[in-house]
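One structure is given below, encoded as structure tokens.
The values are calculated or read from the model by the stated rules, or taken from the named source; none is laboratory data. This structure is a prediction, so every number in the text was calculated from the model and none was measured. As a convention, Cβ positions derive from the backbone with ideal geometry for all residues, glycine included, and neighbour counts pool all protein chains shown.
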Amino acid sequence: MVRALCLVCLCLVARDLTAGPDEARRDHLLEVSQRYVGIQEATGRNDGPVIERMQKFTGGEKGEPYCIDYLVTTGHEAGLIWMPITGYTPTLFQGAASAPFRIQAGELQPGDDVGLSMYVKKEGKYRLAHGLRLKEKHGNWWLTVEANTSPEAQPGTEADRNGDGIWNRRRPAKLIEQRNNKFCRFWRKP
């Protein structure tokens with residue numbers, strides 16, 4: 001009995017030793033991110049108390065898209081104080097402050113943030129237009145947590161990047177890992 005108990009203690013200690021500070025930080029980030037799932041806009045116009053608090057944190061205003069506001073706010077709530085404070089997708093993924101955190105598609109792990117390249121009709125061009133956080137990979141699919149989207153929206157549609165709340169989504173890995181997209185691992189301390 002004592003040996004079995006010691007073996008259990010040893011396994012718990014070994015697990016804690018292999019999970020370094022970066023992994024613990026990542027797990028905490030995902031926990032904080034998940035707390036917001038299910039929050040919906042008040043009137044369908046990128047608004048509501050929680051959403052407006054996130055917009056204000058990043059310097060945005062009520063009514064503006066908030067997918068990046070969500071990533072940045074939850075990142076800072078999880079202690080990632082080095083994460084750039086912005087509400088604009090290209091700035092978060094391509095700005096100078098994010099350079100140390102950039103990774104390649106083949107390196108993706110849960111907790112990583114992805115800037116999706118999408119066609120923006122009013123601008124008439126493709127650009128980084130939506131941000132999301134990876135939760136876990138299942139075969140050819142990534143489970144994500146995203147804001148300013150709709151849970152059942154088809155990829156690439158208006159509701160995909162301008163929806164009604166914060167949701168868990170399931171996206172094809174092929175869509176996530178496209179070369180036009182940008183990837184950052186903010187949970188890894190610089």
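Some notes on this structure:
- The stretch 41-56, residues that are under 16 Å from T89 (Cβ atoms) and either in contact with a helix residue (DSSP H, G or I) (Cβ under 6 Å, 6 or more places away or on another chain) or part of a helix (DSSP H, G or I) (or both): M54, Q55
- Pairing each residue of the stretch 121-140 that is in contact (Cβ under 8 Å) with a residue 60 or more places away in the chain and surrounded by 10 or more Cβ atoms within 10 Å (Cβ to Cβ) with any residue that is of a type in the set (D, E) and outside any strand (DSSP E or B), provided the two are 6+ apart or on different chains, yields C-beta distances under 8 Å for H130/D160; R133/D112.
- Residues of the stretch 26-77 satisfying the condition of being farther than 21 Å from R169 by Cα and touching a His at 6+ places or on another chain (Cβ under 9 Å): F57
- Filtering the stretch 145-167 to residues that are out of contact with any helix residue (DSSP H, G or I) (no Cβ under 8 Å at 6 or more places or on another chain), modelled with pLDDT of 85 or more and polar (S, T, N, Q) leaves only N162.
- Residue ID - nearest to T86 (Cα to Cα), chosen from residues in the stretch 141-155 that are among the polar types (S, T, N, Q) and touching a residue at least 40 places away in the same chain (Cβ under 8 Å): N148
- Tally, over the stretch 51-95, of residues that are more than 13 Å from the chain's Cα centre (by Cα), buried (at least 18 other Cβ atoms within 10 Å of the Cβ) and among the hydrophobic types (A, V, I, L, M, F, W, C): 2
- Of everything listed in (1) assigned to a strand (DSSP E or B); (2) closer than 21 Å to K56 by Cα; (3) not hydroxyl-bearing (S, T, Y), the single unmet condition for W82 is (1).
- When residues of the stretch 166-187 are limited to those that are basic (K, R) and in contact with a Gly (Cβ under 9 Å, 6 or more places away or on another chain), the one farthest from K135 (Cα to Cα): K182
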